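Colleague: Dropping the structure in here first, questions after.
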Amino acid sequence: MFKFLSHTFNPQTLVAEFSYQGTDGIIFTEKIKFHAPTIPYYADTIRNRVHATPNHTPELLDRALFLAFILIGTSYYKSHPTTQVVLPQSIDDFQARFFSTVYQEGLSQFTFENQLTRADLAHFTATVDYRAPEPLSYNGTGTLALQSGGKDSLLTATLLREQNTDFTPWFVGYGNNNYPQVIDEVSNQSPQIINRLIDHANLQKSAGLNGHVPITYIVMSLALIQAIINGENTVLTSVAQEGNEPHGMVGDLPINHQWSKSWSAEQLFARYVATYISPDLHVGSPLRKYSELKVAELFVKKCWQNYSHQFSSCNRANYTQGNDSSMLAWCGDCAKCANSYLLFCPFLPAETLTATFANQDLFTSSRLTEIFKGLLGIDGVMKPFECVGTIDELRYAYYHRDQSGTERYHDLPFVVPDSDFDPDALYPTQPYFQEFFHE
């Protein structure tokens, strides 16, 4: 059995601890240091400050901590996956189905890469005759926006500033206070950096399987906790219309690297929060209504002048645990770089975009040929396990390259089918986020 042992929170140190026991008996404990709240104030003069204090109960925070407790568990469960899990408290039928979905759909890439099936994964069961407590009311106010230094989160920050919406920039670090310095520029509030201390020592001792986890869900749950600590009621992710196109199937299990970024996953998360924590808390993405191509277009229009030499969506060159990601870069050799190159090429002259990648037209790179085939659905090459656009929109981008500059984009060394993708189409979003941005 995999056992969820306990979760605790120290309100003085703002440190949460989450403990688990693997099937091999090894106990894992992850610690997370949250940021001290930035208490807003309202003042007529500098000497006459009236402080607003966060209004939440310990029970509200504990319910958010429990959600994070289950989601973070994927990082340790994957070492020795099993169908049997043991929880320290009762759950109802929806919670059992929700957590089973996370540990199956959310671990689908891990399942594929380790030659498992859905039948090998965790199946949570409801406690007989258990009825979960009613959600709590909450009168917090304010916005926390996840920031990474990528195009999507920088666009969200820019759109928030355009409509004079104040917000807290927020970033998850791993054991240090290192974060992309561009985040310092996105708001008039200082960024909040939290530190996630993964139990690497015991993971090495356990020496089991490894693979991708639903990291977006984990980060969303931690952001929710931070928002409650801050007294805020809104958590903004920056996810456009993505994550809905699987890479393939293993039996009845769709294989999807981006499952926790999908529209169905966002809806599930929102339903859980409203039902088991508070309907007054809102987590989701106001960019959800846009295609990835539309986000790229808006970024060029609104953000390129300020951030073109500071942003990056490349995971290989940045964000690796233990590495310095204060100054973001592009490696020019990975699926994220190839995907970004495709998304931006309709909106930038070749000489402008290639300057971002050491003056190289990525379409001419032999190292990227197979990656481009996967992105564009050519010769049966599997779509890369990365957060990337859909095949149809990337084909559309390729055929609408901007050829107006002094240089021209080259052709790829294979034929790319055309696409009738509509980059301006609008997609469903949660009602709460529908009116956030007007374009």
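The values are calculated or read from the model by the stated rules, or taken from the named source; none is laboratory data. Every value quoted in this text rests on a predicted model; they were computed, and no experiment measured them. As a convention, Cβ positions derive from the backbone with ideal geometry for all residues, glycine included, and neighbour counts pool all protein chains shown. To get the accessible areas, we keep the full protein, side chains included, count just its heavy atoms, and leave off ligands, DNA and RNA. Shrake-Rupley method; radii C 1.70, N 1.55, O 1.52, S 1.80 Å.
Colleague: What base-10 log of the normalised intensity I(q)/I(0) is obtained for segment 371-419 from the Debye formula, alpha carbons as equal point scatterers, at q = 0.18, 0.22, 0.26 Å⁻¹?
Modeller: Each listed q corresponds, in turn, to -0.58, -0.81, -1.02.
Colleague: To the nearest 10 Å², what's Cys387's accessible area with a 1.4 Å probe?
Modeller: 20
Colleague: Next question, about the same structure. Distance from the Cα centre of segment 180-195 to that of segment 276-319, in angstrom?
Modeller: Cα centroid to Cα centroid, the span is 15 Å.
Colleague: Using a 1.4 angstrom probe, figure out how much accessible area the chain has per residue, in square angstrom, rounded to the nearest whole.
Modeller: Here the per-residue accessible area is 42 Å².
Colleague: Using 1/(1 + (r/R0)^6) with R0 = 35 angstrom and r between the beta carbons of Ala358 and Ile215, what's the FRET efficiency to the nearest 0.05?
Modeller: E between Ala358 and Ile215, to the nearest 0.05, is 0.75.
Colleague: Taking all protein chains as present, what is the carbon and sulfur share of the accessible area of the chain, in % to the nearest whole number, probe 1.4 Å?
Modeller: 49
Colleague: Mind counting lysine pairs for me in the chain? Cα separation below 14 Å, and the two need to be 8 or more apart along the chain or on different chains.
Modeller: 11
Colleague: Here's another thing I want to ask about it. Just to verify a number: FRET efficiency for Thr275 and Glu17, C-beta to C-beta distance, R0 = 25 Å, to 0.05?
Modeller: After rounding to 0.05, the efficiency reads 0.45.
Colleague: Could you tell me what a quarter of the Cα convex hull surface of the chain works out to, in nm² with one decimal place?
Modeller: Result: 22.2 nm².
Colleague: Run the numbers on the chain and let me know its relative contact order in percent, using alpha-carbon pairs under 8 Å that are six or more apart. It would help to have the intermediate numbers written out before the result.
Modeller: Numbers: 848 pairs, mean separation 68.2, N = 439.
Normalised by residue count, the contact order of the chain is 16 percent.
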